[in-house]
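Rule-based calculations on the coordinates, nothing more; no lab input. This structure is a prediction, so every number in the text was calculated from the model and none was measured. Glycine also receives a Cβ, built like all others from the backbone with ideal geometry; neighbour counts cover every protein chain displayed.
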Amino acid sequence: MAPGTTGATGAAGVTEHGGRRRLHLNAFLKPPGEFLAAWRHPGAVPDAGVNIRHLIDLARTAERARFDALFFADLVGVPFADQEVLRRVSVVNDSFEPTTLLAALSTATSRIGLIATASTTYNEPYHLARTFASLDHLSRGRAGWNLVTSLNDAEARNFGLPEHVEHAERYRRAAEFHQVVTGLWDSFDDDAFRHDQASGIYFDDDKVHRLDHRGRYFSVTGPLNIPRPPQGRPVIVQAGSSEAGRSLAAAVADVVFTHHPDSAAARAFYAEIKARAAAAGRNPEHVLVLPALSTIVGRTLTEAEDKAERLYALLDPRVALADLAYWLGGVDLSTYPLDGPLPELPPSNQSRSAQRLIVDRARARNLTIRELARGLARDERTIVGTPETIADHIQEWFETQAADGFNVIFPYLPETLDDFADLVIPHLRRRGLFRTSYEGRTLRENLGLPRPASRYARDRHSA
């Protein structure tokens, strides 16, 4: 499909139903920043991951800029075994559990969405269904769940397993996990709770439904002990780009988080996900593809480049090498010469899509291990430039159907969030690409997604 021509959503800026496509931006926050040495930046808050006042400030900045949602990643383990490396990084050592954090941030914000990452491999469906329903009620309809299958052996060893669950098995479990969670969210009809003090009837018993799920991985009776979420179902985000991940995303995701080296790859992925969603009987307009976008902004190119170089100088090379080994699947690179090529690697049981992107980059550019580690740590996809340059990139990807928007990643905080909010977003607004006010009160409304009907309401309607 050529840029700007027709596809699942029609012409570049118009949906197949004639409405104008809307650009969506999530603030992907990993305090004190995505860069592994961000905590050493002079403007950083060193304890950013557990500093609630700082996190509230970040949330309010993102809401002031009218981002669709705050988005927090999560790991349930510490990935680096080397203590010399571990003691030099921040984000894997001190960060709040994200649904707990977002419950707190819900009281400090009013419109911005709240997306938390939670694993289907190291959780149980009833617990997560209740957790995200609770967050949706606390925030009055702003919750989202980034459904992941977890990444590494370190997480497995915290849950009684010697190694990470096999890749295909994780995704089979994830599909059933999602089925159970969404079924539990429909336990009560929207109007089930009468709260009739005079009659003494708290809820109508014909409007409550036991799930009675019996599957390969889970046996769950139900019902869930909380009313149906305000959004019907919290927004589902899915971040896998492997074959199994794409299949799951097309079947269940409202938002697909992805990474691509260039716009051609992004357009191909976009078209594929929309086509898979349609084949699964879904409206492809209701499956939003939001790639990652990392930026360092300066009022001039020289200023932006100076910011980037000052940041990159803070990184210990040992940390960069350990990070490369981690994303390649936990391989031991110590026996290979740093100035030699990347060796042939077995398929990762962690993130296969991340491994594939890194290996493809190394082969295409003939990079040594040292060069690859340095490039990965810097994230060579980071756009270092002026607000106009970054706005051009966003507009081109959006209008050529490479993206419905972006998960914006911030190399160091709070400065790169402030710069994006104050310098880039005004350019997007002047081009008519981004909102000046929120469209609704719930995350689904702001993303342009419908509120799902309960499965039991659909059954009654079709009977």
Exercise. What size of dipole, in debye to the nearest 20, comes out for the chain about its Cα centre when the only charges are +1 on Lys and Arg C-beta atoms and -1 on Asp and Glu C-beta atoms?
Worked result: 840
Seminar exercise, completed: At R0 = 25 Å the Cβ-Cβ FRET efficiency linking Arg130 and Ala108, nearest 0.05, sits at 0.60
Problem set entry | Nitroxide proxy distance, nm - points 7 Å out along Cα→Cβ at Asp190 and Ile56 | 3.4
For this session: May I ask for the longest run of the chain untouched by GluC sites (Glu not before Pro) that are loop-located per DSSP and have at most 10 neighbouring C-beta atoms (other than their own) within 10 Å?
Result: 167-343
Problem set entry | Local net charge near Arg430, Cβ-Cβ under 15 Å (Lys/Arg +1, Asp/Glu -1) | +1
Seminar exercise, completed: Placing each pseudo-label 7 Å from Cα in the direction of the beta carbon, Glu396 and Ala275 end up separated by a distance in nanometres of 2.4
Seminar exercise, completed: Checked segment 176-255 against the a/c 1.5 cut and the a/b vs b/c comparison, axes a ≥ b ≥ c from its Cα gyration tensor; verdict oblate
Exercise. If you take the beta carbon distance between Ser334 and Ser437 as r and set R0 to 41 Å, what does 1/(1 + (r/R0)^6) give as a FRET efficiency, to the nearest 0.05?
Worked result: 0.15
For this session: With an 8 Å cut-off on Cα pairs and a minimum separation of 6 or more residues, tell me the relative contact order of the chain in percent.
Result: 23
Exercise. Using the Cα gyration tensor of segment 279-320, with a ≥ b ≥ c the square roots of its eigenvalues, what is the shape: rounded (a/c below 1.5), prolate (a/b larger than b/c) or oblate (neither)?
Worked result: oblate
Seminar exercise, completed: Using alpha-carbon positions, the gyration tensor of the chain gives root eigenvalues a ≥ b ≥ c; with a/c under 1.5 called rounded, otherwise prolate if a/b exceeds b/c, else oblate, the class is prolate
Problem set entry | Within straight-line cross-link reach of Lys307, lysines at Cα separation under 22 Å, skipping those fewer than 8 residues along the same chain | Lys30
Seminar exercise, completed: Taking 0.36 nm per residue of separation between Thr221 and Ala457 and subtracting their Cα-Cα distance, the length gained on full extension comes to 83.0 nm
For this session: State, to one decimal in nm, how far the label point of Tyr202 lies from the label point of Asp306, with both points 7 Å from Cα in the Cβ direction.
Result: 6.4
